[in-house]
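Values in this text are rule-based calculations from the coordinates and carry no lab data. Note that the coordinates shown come from a computational prediction; the quantities given were computed from them, not determined experimentally. Heads up, the Cβs are rebuilt from the backbone with ideal geometry, glycines too, and the neighbour counts pull from every protein chain shown.
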Amino acid sequence: MNLKAQNSKFEIQRAAIDSTRIIFIFSFCFLSLWGCGNLSRVRYGQETVKMAVLPVYSLSLMHQHYQPLLRYLSNETGYDVQYLSSNSYRSYGATVQNSHAHLIFCDPLNFLILRKTAGAEALAVGRAEDGGGETSGLIIVRKDSRIKRLEEMRQVKVGIASQLSAEGFLSQALSLAEAGIDVRRRIKFIPCQTMDEVINKLGRGSLEAGFIGSGAWQDSLEKEFRILARTQRIPAWVCAALPDVDPEIKNKIALALLSLDPAKEEQARVLKGLNLSGFARPEGEPLNRLEEMARRAKLPI
């Protein structure tokens, strides 16, 4: 074969290689862009909905209790539902109003406060683990405590997360009042940031009793503590929307909560983390009754 023919054959081979290379590069770029486009829609295209959750527990326990709920709401609504948390009950209202939250999830007493101060609108109210519309607070002591009855709760050091807690103060205060004890005059309160801190301090011996919500009690605590009393029943937690939230967001979130079914395994895990059996549409009477209870306990709402 002469030189000219060899060069011609080489040019044809090189052209074929270049064509293959171009097709490969084009295909790679197309697939990459197509894949990135889908990834972008999944990760960045969802509208973010922020839920401010009352800090009953430490941050690690908050994640454990509420992450299943956020995943469920995100899957059911198509929004990217994220939670916000303040450091304490006291700063919760400021967190709600300064963080541009869309939703709040809190006990009913804090809801009443935010209904007045921030225009919160109830979307769904939790149902207690026994299926009823109300839950109760607990007064707990160590197993070796001298305190056996509510009437013996005088001059006692008691740990509380906040006096603005329905399940961790109001419920107990009303029951003690029925037993003849004015908590503001007869009990020395030791402030704790969260309910699990109340339990920890009680276990270390720096408290004589603790006020907690029934959701903070775990069966494993029976080794070290006992429940002195289950106190006044109150409405369970409320999910509410703040003003100017898109009606579509409110409707989708409310429907997702009302649809939670304890008979379905995955949804049962969500409800277990919330210490609830489900959600119901909000009714005015129980919350209005709670407002009257707060006035009797001289709470500033």
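Assorted remarks:
- Shown here for segment 170-243: chymotrypsin sites (Phe, Trp or Tyr not before Pro) in loop regions (DSSP other than H, G, I, E, B) with at most 15 other Cβ atoms within 10 Å, of which there are none.
- In sequence order, segment 92-101 has phi-based couplings of 5, x, 5, 4, 4, 7, 9, 9, 6, 5 Hz under the Karplus curve 6.51 cos²θ - 1.76 cosθ + 1.60, θ = phi - 60°, and Gly or Pro positions carry x.
- Neighbour net charge for GLU224 - beta-carbon separation under 14 angstrom, K R +1, D E -1: +2
- Cα gyration tensor shape for segment 136-234, rounded if a/c is under 1.5, else prolate or oblate: rounded
- Neighbourhood charge, 14 Å Cβ-Cβ cut-off, centred on PRO243 and excluding it, Lys, Arg +1 and Asp, Glu -1: 0
- Legend: Rg and Dmax of segment 35-165, from Cα coordinates, 19.0, 68 Å.
- Highest mean packing comes first when the peptides 122-134, 258-270 are listed by Cβ atoms within 10 Å, giving 122-134, 258-270.
- Remark: segment 79-86, residue by residue, has Karplus-estimated 3J(HN,Hα) of 8, 8, 8, 10, 10, 10, 9, 8 Hz, where x stands for each Gly or Pro and the curve is 6.51 cos²θ - 1.76 cosθ + 1.60 at θ = phi - 60°.
- P(r), alpha carbons of segment 176-301 - 5 Å bins starting at zero, rounded %: 2, 7, 13, 15, 18, 16, 13, 9, 5, 1, 0
- The Cβ shell under 11 Å around THR135 holds other residues with a net charge of -2, Lys and Arg each +1, Asp and Glu each -1.
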